[in-house]
Amino acid sequence: MIANIGLLALALALPIALLQTGASFWGARRHRDALMQVGRNAALIQAALLTVAFACLVTAFLRSDFSLALVAMHSHSTKPFLYKFAASWGNHEGSLALWVLVLALAGGALAIRGESLAPRLRAHALGVQGMLGALFTCFLLFASNPFERLTPPAPDGLGLNPVLQDPALAIHPPFLYLGYVGLSLPFSLAVAALLEGRISSDWARWLRLATLASWSALTIGIALGSWWAYRELGWGGFWFWDPVENASLMPWLVAIALLHCAAIVEKRGALRQWSVLLAILAFSLAMLGTFLVRSGVLVSVHSFATDPTRGIFILAILACVSGGALLLFAARAARLRDDSLFAPVSREGAVLINNLLLCCGCATILVGTLYPLALETLSGAKVSVGAPFFNLTFAPLMLPLFLLLPLGPVLAWKRGSLLGALQRLQFAAFVGLAAVVGILVYRGVAPLWAPLAFGLGVWMLVGVCCEVFERLRARESRPGASFWGMSLAHAGMGVLLLGIVSHSAWSIERIESLRPGDSLDIAGFNITFENLSRALGDNFLAEQALLRVRSGNGDVFDLTAERRVYPIRATSTSESAVNYALAGDLYVVLGDNWTAEAEARVFRFYWNPLVSLIWLGAALMAIGGGCCLADRRYRASRREAKRGWEIRQRNFSADEIQ
Amino acid sequence: MSPLSPESLYGRKRKQRIFFLGCSMLLLAASVALIAIALEDTITFFYTPTELLENNVDAGESVRIGGMVVEGSVDLDPDGTIFFLVTDFSNTIPVVFKGIPPDLFAEGQGVIAEGVLNVQGAVDAVRILAKHDENYKPPGLQ
């Protein structure tokens, strides 16, 4: 019953999406307010219908309705509540249902809150959003229906893959998808601007708002995924340059470029064409990511779906949507030309350099991710492109970005002074250099890049602090939320870099076979394998190894590394034992039972110094994004916005950025 | 500030364009060079055991091999080194790995071993990948 309602809602969403597209475009073309109103209402109805459909899917999972094939494949009646909930998006069909839902919600948000936009611009954007909704609802209905029946119903389900049963991973997909699909809004706005041939500062404000919100969500999503991989996969690493990870990193990078660029459009009216192009690229990369992940074309440790028709379907959508938008850009971009002037050394110039570096970085990742696919198609040779490739290409492009990051905010608009900026940041430069020297003395020269990169991280962090301090001391104007947001995000980037550098350069790995009573020393810790015991969990059997750790300063604590066997899935997972600390994580993985001696076990020990800075940095960036969203200019109440629009309509030409 | 004449505005706009175009060309060239160098040096070829034998891969080359772990072939040394055989059902390649294999590694299951081919014709693996598949189906259903 629930499933039928869900399917009905999903099926109804398709004609409504088409209505939204038709009414919005036609209304905008003919200047008919009533038709544009129909388009807005359709967007709201579509959002409501898809919310109902997704709620039905979640309910089916919570009630363990095994007459649905999807539930039977991915859930189990004994599973904990949270994972029944999370199982609804932990699979191909469910995750695409979430994709379409977020798309509709983005359209709904534009329909409700978009009063500040010119009505025709909003109608065009809603039309594009509706078109995307129709295409992806089609895909959901005809190629991956989440409400497919299983006859006869299964007596019980297969359960969720045990390695996916983790709180961080349970909420990882919704954030990731908010980010991915949220980028559809900048895309629709960009296409609408091309159709209109005109850009206003309200357009830029919306562009930045939507990009900031999506980017913050994407940051949280990626960080959660990385945190999960760090704890759950038992490799002690946080990033594996896996194609699926790259697929999320590419739109993230372009979104950073876009949100900086949109700020320039908003405040100075410069870089208009470029921002439109970036908005198109960002969503195209998000769709490409969906294609890579959901088509199974890549040999990846994630290897999700492997149905070729689905891949072709998404590829066709990608080709139509991105190809169409790029063609439109080629034809219409000239109309958005601006005459703003700025010197190479200026805030606009800094943002442009930031954009170029980010785009080049993104391009190297794109090449690294697609090269194996292209080579296999062309010559049949199978290659894998891994961390060494990206360390050699992506990392060198990011270093100048980090070097220039603290300079950008202290440069003036239009024409800045490099000397002046450096003077303001001399303290940060001094501390950064001191950090390089300190690390060289303390850690030695090998590897040489590590002290330099660490110094860069310190330079970024202290540079941001200098700027904040100066702004507070000046006291002529209190900095707004968006200044705080920017500073937090920039500081977060510095913190992230510090974490990445110390993890990649100075972590220690040891693999030892121990019997109960044996002990070993690693990074100043003395670890003793005390005993081995067995335990029974909700839906698994566990083997637990108790380890007593004595740290250098006399602290004693216990760690329990665990290996779980899930009988329902006939799989096992290792639950690594981690002692989290700011200075570094002590990380222990219990190996399998393959020795001749019944009680001996293979252990893997890691010492990961400062690794928690990685997630702390990501959190700071996401919070920074959120702070920017709270800025006064995005919080203007609806009535104000509407009144503002009416006033502007009277002096229409005056509003446009000259 | 005095109003700019159209000529000088045009000229400055052009200078600005040329500067940033130059920058992007430079960066693009740098990226292409980096990619070319990296593709030359860092990529790893993926073989099945049969392809590995047919392609006369030299010892010391980094490779990835994929196949099934032969039933009963997994052997663990007390120091934590694992030996096992990877097969594509026509040829078999031995793999040596020091470490703990991933959770889904098991005899009779698919595996990818990443490492260097040694002179004995075995792969000294630095990383073992087993497939994480959300669509795992035990036999009997479907």
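The values are calculated or read from the model by the stated rules, or taken from the named source; none is laboratory data. The structure presented is a predicted model; accordingly, all values stated were derived computationally and were not measured. Quick reminder, even Gly has a Cβ in these numbers, built from the backbone with ideal geometry, and neighbours come from all protein chains shown. In case anyone asks, the SASA skips ligands and DNA or RNA and just uses the protein heavy atoms, side chains included. Shrake-Rupley method; radii C 1.70, N 1.55, O 1.52, S 1.80 Å.
Treat each spin label as a single point 7 Å out from the Cα along the C-beta direction, and report the A:Thr59 to A:Gln426 distance in nm.
In this crude spin-label approximation the distance works out to 6.9 nm.
Kindly identify chain A as rounded, prolate or oblate by the Cα gyration tensor criterion: order the square roots of the eigenvalues as a ≥ b ≥ c, call it rounded if a/c is under 1.5, otherwise compare a/b with b/c, prolate if a/b is larger, else oblate.
Oblate.
Give me the number: length gained by fully extending A:Glu470 to A:Leu541, i.e. 0.36 nm times residue separation minus the C-alpha to C-alpha distance, one decimal in nm.
That pair, A:Glu470 and A:Leu541, stretches by 19.8 nm at full extension.
For the stretch A:167-410, give the percent of accessible area contributed by carbon and sulfur heavy atoms, probe 1.4 Å, rounded to a whole number.
The value for the stretch A:167-410 is 71 percent carbon and sulfur by accessible area.
When Cβ neighbours within 10 Å are restricted to other protein chains, what is their mean count per residue of peptide A:356-364?
Mean partner shielding for this stretch: 4.
First measure r as the distance between the Cβ atoms of B:Asn91 and A:Glu376, then evaluate 1/(1 + (r/R0)^6) with R0 = 25 Å and state the FRET efficiency to the nearest 0.05.
With R0 = 25 Å, the Cβ-Cβ based efficiency is 0.75.
Please state the charge dipole magnitude for the protein assembly as shown, taken about the Cα centre, from unit charges on C-beta atoms (+1 on K and R, -1 on D and E), reported in debye and rounded to the nearest 20.
In total the dipole reaches around 4940 debye.
Highest first, please rank the peptides A:53-61, A:248-256 by the mean number of other Cβ atoms sitting within 10 Å of their residues.
A:248-256, A:53-61
I'd like the mean, over residues of B:52-60, of how many other protein chain beta carbons sit within 10 Å of each residue's own Cβ.
0
Order the peptides A:324-336, A:536-548 from the highest to the lowest mean number of other Cβ atoms within 10 Å of their residues.
Output ranking for A:324-336, A:536-548: A:536-548, A:324-336.
Cross-link partners among aspartates and glutamates for A:Lys414, C-alpha distance below 20 Å, same-chain residues fewer than 8 apart left out?
Output for A:Lys414: A:Glu266, A:Asp338, A:Asp339, A:Glu348, A:Glu467, A:Glu656, B:Glu7.
Residues of B:100-108, mean number of Cβ from any other protein chain within 10 Å of their own Cβ, rounded to a whole number?
Whole-number average of other-chain Cβ neighbours for B:100-108 is 6.
Sorted by accessible area (1.4 Å probe), largest first, how do A:Met73, A:Met460 line up?
A:Met73, A:Met460
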